[in-house]
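Notes follow once the structure below has been shown.
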Amino acid sequence: MIKFFRKIRQNLLSENKFSKYLIYAIGEIILVVIGILIALQINNSNELNKQRAKEVQFLKNLKSDLIFEESELERYTGIRESIVNSAQIALEHFNGKPVENIQMFNFHTFNVGIWQEFQRNNNTFLELLNSGNLTIISNDSIKNGLLNLDLIHKEIISNREHLRNDLEQYFYNPWFTTVDLDPLAQSFVFYTNNGKFDNKIELSNQELEKLLNDRVFKNGFVLSVFTNSLIIDDYKRMKDLNKKVVELINREITKG
């Protein structure tokens, strides 16, 4: 092909047809430019396809993380709601309701004191954030949703740390210094595993009376209800936003 064009140029020059040669030369330059532009377009298209494939894979990974996280939020919401319920039942006894079953009171007390933390399953988000590749996600609504989920989780951590400090000061200290935890722990574990109490485990009514007359200990239950309720609200907000982001990802993945 190159020889063919070269032969044409030589014929035009030998025939002293400069004007035709100039037109031909310009046409040849245009063809070369068009060829370069086509090659660049193909290359850009290939790069965009690679970028899109990479984005879709990240979106799928994000979706997988969020679906697992949603189930964990559901589970930990149930745990926190159980703690609030136990604290409210215990407060009824602090406010004068007689304790008819000391082991049941112990169960609710122990339930309030059990510490469990929700941990995010956000490895893909952290990878995008720490590597500076969050911009690969082209959908701004998805990016904003992911960033807002992170903000809500930071609120959860703040409330959780506040709760932990309150429990250490108002709940654990008076509890640990007033009672013998060994039989209380045995009773709690037996009930948790079997759904009934072991009547062979004897708990101290004297220790119970000391706890019910300890205002600091009572305040631990009050603060537990208050702060756990805030955390539950955060869990629910996070779960709702989580669902919305998953829906956005589903639409983005299937977009043509």
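The values are calculated or read from the model by the stated rules, or taken from the named source; none is laboratory data. Note that the structure is a prediction, hence the values are computed from the model and not measured. Neighbour counts are summed over all protein chains in view; Cβ atoms, including those assigned to glycine, are modelled from backbone coordinates with ideal geometry.
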* Residue check, Asn199 against (1) assigned to a helix (DSSP H, G or I); (2) loosely packed, with under 15 Cβ neighbours inside 10 Å; (3) over 21 Å from the mean Cα position of the chain (by Cα), all met but one. Which one? -> (1)
* Scan Leu91, Leu128 and give me the residue that is touching a Leu at 6+ places or on another chain (Cβ under 7 Å), in a helix (DSSP H, G or I) and buried (at least 16 other Cβ atoms within 10 Å of the Cβ). => Leu128
* To do: Those residues that are in a loop (DSSP other than H, G, I, E, B) and either modelled with pLDDT of 95 or more or surrounded by 14 or more Cβ atoms within 10 Å (Cβ to Cβ) (or both), I need them from segment 131-148; list them, please.
  => Ile137, Asn139
* Structure fact -> All conditions in (1) without any contact (Cβ under 8 Å) to a residue 24 or more places away in the chain; (2) in a helix (DSSP H, G or I) are true of His153 except (1)
* Within the set of pairs 6 or more residues apart or between chains, which connect a residue that is outside any helix (DSSP H, G or I) inside segment 173-196 to a residue that is among the small types (Gly, Ala, Ser) and surrounded by 14 or more Cβ atoms within 10 Å (Cβ to Cβ) with Cβ atoms less than 8 Å apart? -> Val179/Ser204; Asp180/Ser204
* Hits in segment 74-120 (condition: closer than 23 Å to Val216 by Cβ and among the small types (Gly, Ala, Ser)) -> Ser86, Ala87, Ala90, Gly96, Gly113
* To do: Filter segment 153-195 down to the residues that are over 24 Å from Tyr76 (Cβ atoms) and aliphatic (A, V, I, L, M), then identify the one that is surrounded by the most Cβ atoms within 10 Å (Cβ to Cβ).
  => Leu184
* To do: Please tell me if Ala53 is in a helix (DSSP H, G or I) and farther than 30 Å from Lys255 by Cα.
  => no
* Does Glu117 meet the test of being at pLDDT below 95 and of a type in the set (Asp, Glu)? -> yes
